[in-house]
Amino acid sequence: MDPAVIAARLRELAIYYELDGDRHRAFAYDRAAKSVGAANGLHRLLDEGRLEELPGIGPSIARAVGELARRGNLEVLDRMRAKWPPVVIELCELPKIGITKARALYQALQPADLDTVAALCRAHAVRSIKGFGATSEDAILAAIEDRRRTGVRDILVDALPHAELVLAQLRAFGFTAEHAGPVRRWSEIVDHFAYAVVLDAEAQRGYLADKLAEMVTLDDRDAIGGRLATGMRVLVVAAPRAHYGWALIRATGSPEHVAMLEARAADRGVALATLVAPDEASVYAALGLPMLPPEVRDGTDELVAADAGDTFLDLVTLGDLRTATHCHTTYSDGKHSIAEMTAAAAERGFAAITITDHSAAASYAGGLDRDALLAQAAEIRGLVDPPARIFRGTEADILADGAIDVPPQLLGGLDLVIASVHQRFQLDEDAMTARLVAAMRQPFYKIWGHALGRLVMRRDPIKLRIDDVLDAAAESRAAIEINGDPHRLDLDPVNARRAAARGIKFVLSCDAHSVRNLDYMRYAVAMARRARIRTRDVLNALPPDEFAAIVRPTDSAA
């Protein structure tokens, strides 16, 4: 079984244990799921009996992981699924509901599905449950109605394990299959899982439909669609190997991109449905186009750009990045020490790391005052032969008046400053714009961190006139971060393209608060590729010496 699938099932067990009120086991299985999902060589560790070397894996969970790897399931998982039906999981996944309320509602009213829950809300039966009231009843009904309008949606990082599970099932059926749809395009929000499947013989179509019959129904002659128990839509596009290229493009989308290709094909007399093209590149070549990366297939002007000569071959990749940026340690709200973060960055192939703990204004996050900054500097100087070069900086709050929270007397000794908004998100458009323009105009070099302050599907972006702030950044000594924390993914691709058009440079960051979070760099890269950011425009793709020379806040150590 694929490690991502094992991690998804451990995470599922964690939810069931939380529903049972066993928070200790819920925490343990959730931690184990993260550990398994991040592990390299999981099956090798299993074969060598070394699974317990992973963080959070003790003897009992190691046995569970081994059982999942061998059999694909667990007896306890079957029992839990029988005890807690799909409607409970669906309730847990509704925004602002959570496990505690989902459990209480199900135990009190035993609804069969979300439609029943909605009817109970309209009948004012939910508000009679202890801990519920008219407000929570209205919120539940609104969440269900929103799901009905838009379907189930999830942020990318939470959707990926479930998408991997379906892919593993398709491959277990004996099919060649690949991710497609919003997962393959690295969309921030996933509203369906899509897959392309090779049919070696047309007779396999019925076999595929039969195998997936519990979660899908036949949609049309070459697409199978349905819903998972969670409500997430699933689309499987199947085609013979000779026509697989177009099937994968169709399944990947976006719909606008596919429509543009169909129109182009019609103009050129190309019959896409019968085109012999076993891979995507063959389809694009038949249409006079270079191979377009999935991330740029947004249905805007990518074909115009390709016709003008853009091959997209110079889009930034994870392998281009030399410095792991925006990393927190135990000095503020990080989980690991400077030495541990540095070693982990080196293990991932980075030549350097930036240590940028919070500034003093972020007291809620253990922000560093002057003395703590100096103590941190002393610790960094005292490290003997660190495996990666360490750049010492700060993630400094942008204050309400646009000042950046860095002790002036220490500014010259820092290697970089990330300037971010962490408080007073509700300022109106005029006040927020003035605040950020003032911050961009601070005379020292700064990197604008998680620029719009959004949390995907949880907090809206701040209100501002983005063009005014980008103009100020372009005129000043500033770069903009593309933050890879999968809950942030900020600056978003649309506005990153606006920044790139002004010649602003970027820093791709992981916003790491733990060793594992260093892997968030892949999300930053994905957002940058969707914004069509080139390697030459990413500062931390430069050799560390060149990166340091550009981002140094002041020209001297005075």
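Listing for the model above:
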| quantity | calculated |
| --- | --- |
| Residue match in region 490-509 (condition: open to solvent by 40 Å² or more (accessible area, probe 1.4 Å), under 17 Å from H328 (Cβ atoms) and touching a residue at least 60 places away in the same chain (Cβ under 8 Å)) | no |
| Count - residues of region 248-273 that are of a type outside the set (A, V, I, L, M), part of a helix (DSSP H, G or I) and either closer than 25 Å to A177 by Cβ or touching a His at 6+ places or on another chain (Cβ under 8 Å) (or both) | 6 |
| Helices (runs of 4 or more DSSP H) enclosed by region 1-77 - at least 3 residues per element that are open to solvent by less than 30 Å² (accessible area, probe 1.4 Å) and modelled with pLDDT of 85 or more | 3-19, 23-38, 59-71 |
| Subset of region 322-340 (residues that are within 25 Å of W448 (Cβ to Cβ) and of a type in the set (V, I, T)) | T323, T325, T329, I338 |
| Failed item, numbered, when P255 is tested on (1) at positive phi; (2) at pLDDT below 95; (3) open to solvent by 50 Å² or more (accessible area, probe 1.4 Å) | (1) |
| Matching residues in region 102-117 - criterion: being out of contact with any helix residue (DSSP H, G or I) (no Cβ under 7 Å at 6 or more places or on another chain) and within 15 Å of I144 (Cα to Cα) | D115, T116 |
| Meets criteria (over 16 Å from V515 (Cβ atoms) and modelled with pLDDT of 95 or more) for A351 | yes |
| Filter result for D468 (among the acidic types (D, E), modelled with pLDDT of 95 or more and buried (at least 17 other Cβ atoms within 10 Å of the Cβ)) | no |
| Residue count, region 274-300 (criterion: in a loop (DSSP other than H, G, I, E, B) and open to solvent by less than 60 Å² (accessible area, probe 1.4 Å)) | 11 |
| Pair list, Cβ < 6 Å and 6+ apart or interchain, from region 62-90 residues that are touching a residue at least 24 places away in the same chain (Cβ under 8 Å) to residues that are charged (D, E, K, R) | L68/R9; L74/E67; V87/D113 |
| Subset of region 116-129 (residues that are without any contact (Cβ under 8 Å) to a residue 24 or more places away in the chain, of a type outside the set (S, T, N, Q) and surrounded by 12 or more Cβ atoms within 10 Å (Cβ to Cβ)) | A119, L120, C121, A125, V126, R127 |
| Any chance D545 is more than 26 Å from the chain's Cα centre (by Cα) and charged (D, E, K, R) | yes |
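Let's see how each residue does on (1) open to solvent by less than 10 Å² (accessible area, probe 1.4 Å); (2) among the small types (G, A, S); (3) under 29 Å from the mean Cα position of the chain (by Cα); (4) modelled with pLDDT of 95 or more:
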{"position": "I404", "(1), (2), (3), (4)": "no, no, yes, yes"}
{"position": "P407", "(1), (2), (3), (4)": "no, no, no, no"}
{"position": "L410", "(1), (2), (3), (4)": "no, no, no, no"}
{"position": "G413", "(1), (2), (3), (4)": "no, yes, no, no"}
{"position": "V417", "(1), (2), (3), (4)": "yes, no, yes, yes"}
{"position": "S420", "(1), (2), (3), (4)": "yes, yes, yes, yes"}
{"position": "Q426", "(1), (2), (3), (4)": "no, no, yes, no"}
{"position": "P443", "(1), (2), (3), (4)": "no, no, no, no"}
{"position": "H450", "(1), (2), (3), (4)": "yes, no, yes, yes"}
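The values are calculated or read from the model by the stated rules, or taken from the named source; none is laboratory data. Bear in mind the structure is a predicted one, so any value in this text is a computation, not a measurement. Don't worry about glycine lacking a Cβ; one is built from the backbone with ideal geometry, like all the others, and counts go over all protein chains shown. Side chains included, ligands, DNA and RNA excluded: accessible areas come from the protein's heavy atoms. Shrake-Rupley method; radii C 1.70, N 1.55, O 1.52, S 1.80 Å.
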